[in-house]
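The values are calculated or read from the model by the stated rules, or taken from the named source; none is laboratory data. From a predicted model like this one, the values you see are computed outputs, not experimental measurements. Here the Cβ positions follow ideal geometry from the backbone for every residue, glycine too, while neighbour counts run over all protein chains shown.
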Amino acid sequence: MTGWRRFELLAEGKRAYREIKQEGIRCFIRWGSVGGSGKASASTLNDEEHARRHAARKINELLRKGFIEVEPLRDDAELDQTSPVLDVIRAGSGAAGPVPEYLPVDGLDEVYCRTHSGHVMGFHEYVILREQGRSAVRFVVRGKSHEAGEASAFLDFVCARRDLAFDGRSHHKVPMPRPVRGFTHALFCAPSLGQAYRAYPAVASRVATVFPMFDCEIGDADPEVLVDARIHGHGALSYSDWSRDPQPVVDLRFDMEPSDYGRAKTFKVYRPTDFERLMAVLPDATPQSWLEARSFRGEIRRFTPDSAPSVAEGTSFLLG
């Protein structure tokens with residue numbers, strides 16, 4: 001599916017609409033009443049085929065309810081794919097407040113920085129332009145964890161690879177030749193995965209995301225759906241905080257009684273605190289109970305009440 005598909009239904013004097021779009025592994029839905037305010041949601045599926053089936057099922061449900069497909073509305077913002085990225089951001093932000101000031105970074109070609117001092121935590125936003133400013137790579141550093149020298153070192157690394165996030169793959173986990181603030185790798189995310197500028201439709205598909213990371217924070221062979229869960233899901237990686245401790249991959253499946261977590265037959269993304277709580281109750285669980293953890297390297301370790309190690313030992317396995 002390319003672009004939005006729109007469906008309408010006239011009922012009780014009101015015309016309801018539904019709009020659906022599938023892009024890669026994501027499905028987007030907008031709904032409301034014509035002339036009124038609307039709502040929106042997005043779903044991330046396991047792969048593109050799963051996303052296509054999901055979108056098709058949603059459309060069939062609408063048709064069964066009596067909705068009729070109509071021509072989608074023209075969205076000039078989404079159609080504009082040539083305006084310079086920073087021009088779009090300045091114009092869009094200026095409507096709601098002061099025009100953001102992006103200042104060139106000395107010594108680097110087509111690199112700009114904006115300091116958000118008015119934000120509750122404060123942060124520094126770096127934009128590395130490409131294609132004469134029509135697309136970009138972006139990263140953000142939380143104010144209190146920002147150090148100019150470390151940011152400069154990371155910029156040097158990213159600038160030499162600014163095209164990497166636009167090669168058609170969802171992401172690249174790249175080792176850095178020298179650690180930056182203790183981080184050993186960088187994660188380059190395509191615009192659809194990074195979602196840097198969702199509020200600006202004209203540039204949302206043209207701005208990629210990059211950030212430094214510890215090796216254990218993203219799996220070596222992670223598909224896009226898992227990376228999405230790690231950086232956007234519940235308990236997501238706080239990747240703009242450059243003072244953070246390592247937040248290792250925690251993929252778990254288990255069948256434990258008693259447990260407040262129920263049962264997970266397939267590996268799902270959890271937080272380190274979830275792993276610690278499950279490990280703490282495992283020794284007292286029923287003999288048939290088990291817990292499996294998968295590390296960022298793809299290694300799987302099974303724990304049972306009889307072989308339950310300490311929480312520290314289990315965490316050490318996840319950290320690699």
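Per-structure values
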read-out	value
Region 39-59, residues that are loosely packed, with under 12 Cβ neighbours inside 10 Å and either within 12 Å of Arg18 (Cα to Cα) or in contact with a His (Cβ under 7 Å, 6 or more places away or on another chain) (or both)	Lys39, Ala40, Ser41
Of residues in region 76-101 being of a type in the set (D, E, K, R) and at pLDDT 85 or above, the one surrounded by the fewest Cβ atoms within 10 Å (Cβ to Cβ)	Glu101
Index of the failed condition, Pro309 passing every other in (1) part of a loop (DSSP other than H, G, I, E, B); (2) within 25 Å of the chain's Cα centre (by Cα)	(2)
Lone qualifier among Asp251, Asp274, Asp284 - being charged (D, E, K, R), crowded, with 18+ Cβ neighbours inside 10 Å and in contact (Cβ under 8 Å) with a residue 12 or more places away in the chain	Asp251
Tyr239, sole failed condition from (1) surrounded by 17 or more Cβ atoms within 10 Å (Cβ to Cβ); (2) under 26 Å from the mean Cα position of the chain (by Cα); (3) assigned to a helix (DSSP H, G or I)	(3)
Candidate set from region 287-320 (those that are touching a residue at least 40 places away in the same chain (Cβ under 8 Å) and touching a strand residue (DSSP E or B) at 6+ places or on another chain (Cβ under 6 Å)); member that is farthest from Arg263 (Cα to Cα)	Arg294
Among (1) farther than 28 Å from Gly122 by Cα; (2) among the basic types (Lys, Arg); (3) part of a loop (DSSP other than H, G, I, E, B) - the single one Lys265 does not satisfy	(3)
Criterion (out of contact with any helix residue (DSSP H, G or I) (no Cβ under 7 Å at 6 or more places or on another chain), at pLDDT 90 or above and not assigned by TED's automatic domain parsing to the domain that holds Phe123) met by exactly one of Pro258, Pro246, Pro191, Pro283	Pro283
Checking Gln22 against (1) touching a residue at least 60 places away in the same chain (Cβ under 8 Å); (2) crowded, with 18+ Cβ neighbours inside 10 Å, the condition it does not meet	(1)
